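Structure, as structure tokens:
The values are calculated or read from the model by the stated rules, or taken from the named source; none is laboratory data. What you are looking at is a predicted structure, and each value in this text was computed from that prediction instead of being measured. Because the Cβ atoms are built from the backbone with ideal geometry, glycine has one as well, and the counts that use them run over all protein chains shown.
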Amino acid sequence: MSADIPHGFRPIPIGGPFLKAAGPLYGRWDGKHVRLGFRVEERHANPAHNCAGGMLCTFADMQMACVIHYQCPEIAGHRFPTINLTTDFVAPVPVGAWLEGTAEVVRATKTLVFVQGSAAVGGATALRFNAVFKIGPKRDYANPLDPYDLLPPSKRK
């Protein structure tokens with residue numbers, strides 16, 4: 001597989017020091033959803049030369065937390081600490097593969113957000129995930145409704 005990043009994706013500043021070491025993750029707006037992706041490298045691999053489960057869980061966690069800002073404007077710009085994360089490893093993700101995911105907010109209450117999503121390689125589902133996030137304090141984003149600068153200029157507020 002090519003090490004190229006698919007058209008429209010660009011590195012996004014998501015996560016803290018851990019993700020800087022494990023990443024980068026790439027993001028793009030597809031007109032309706034925020035998509036995240038990354039190219040699996042040797043450093044992400046388990047002994048079978050597939051992406052390690054810990055990296056897949058990290059990706060799923062970031063994918064879901066990211067979409068909350070874009071799908072829930074009333075709470076955009078907050079921190080969203082993970083309370084519960086469930087992952088189903090549907091298929092192996094080999095070194096060199098481009099893993100791409102999307103997620104949807106299922107429900108947001110006054111204190112919690114429920115999210116589900118999936119990720120695929122070449123259109124074939126490799127990972128399903130869901131999580132519960134706590135609505136934490138506000139963060140200092142320049143634009144809380146588009147903290148990763150993914151929306152086209154016509155959609156920015």
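Scanning region 4-29 for residues that are under 23 Å from Arg139 (Cβ atoms) and loosely packed, with under 13 Cβ neighbours inside 10 Å yields Arg10, Gly16, Pro17, Phe18, Lys20, Ala21. Being modelled with pLDDT of 95 or more and more than 23 Å from Asn130 (Cβ to Cβ) is a property that holds for Gly96.
Scanning region 131-154 for residues that are surrounded by fewer than 19 Cβ atoms within 10 Å (Cβ to Cβ), under 18 Å from the mean Cα position of the chain (by Cα) and not in a loop (DSSP other than H, G, I, E, B) yields Val132, Lys134. Checked against the criterion of being touching a residue at least 40 places away in the same chain (Cβ under 8 Å), surrounded by fewer than 18 Cβ atoms within 10 Å (Cβ to Cβ) and on the phi > 0 side of the Ramachandran plot, region 30-45 contains not a single residue that satisfies it.
Taken over region 66-75, the residue count meeting the criterion of being of a type outside the set (Phe, Trp, Tyr) and part of a helix (DSSP H, G or I) is 5. If a residue has to be surrounded by fewer than 18 Cβ atoms within 10 Å (Cβ to Cβ) and touching a residue at least 60 places away in the same chain (Cβ under 8 Å) to count, how many in region 78-93 make the cut? Residues in region 78-93 being surrounded by fewer than 18 Cβ atoms within 10 Å (Cβ to Cβ) and touching a residue at least 60 places away in the same chain (Cβ under 8 Å): 1 in total. For region 9-38, which residues satisfy the criterion of being charged (D, E, K, R) and either closer than 18 Å to Thr125 by Cβ or modelled with pLDDT under 90 (or both)? Scanning region 9-38 gives Lys20, Asp30, Lys32, Arg35. Taking region 45-65 as the search range and keeping residues that are in contact with a strand residue (DSSP E or B) (Cβ under 6 Å, 6 or more places away or on another chain) and either assigned to a helix (DSSP H, G or I) or among the charged types (D, E, K, R) (or both), which one is nearest to Val113 (Cα to Cα)? It comes out as Met64. Within region 109-122, not a single residue is in contact with a Cys (Cβ under 9 Å, 6 or more places away or on another chain), more than 15 Å from Asn84 (Cβ to Cβ) and either assigned to a strand (DSSP E or B) or at pLDDT 90 or above (or both). Scanning region 117-152 for residues that are in contact (Cβ under 8 Å) with a residue 40 or more places away in the chain and polar (S, T, N, Q) yields a single hit, Asn130. Is there a residue in region 21-29 that is farther than 30 Å from Pro152 by Cβ and free of Cβ contacts under 8 Å to residues at least 60 places away in the same chain? Yes - at least one qualifying residue is present in region 21-29.
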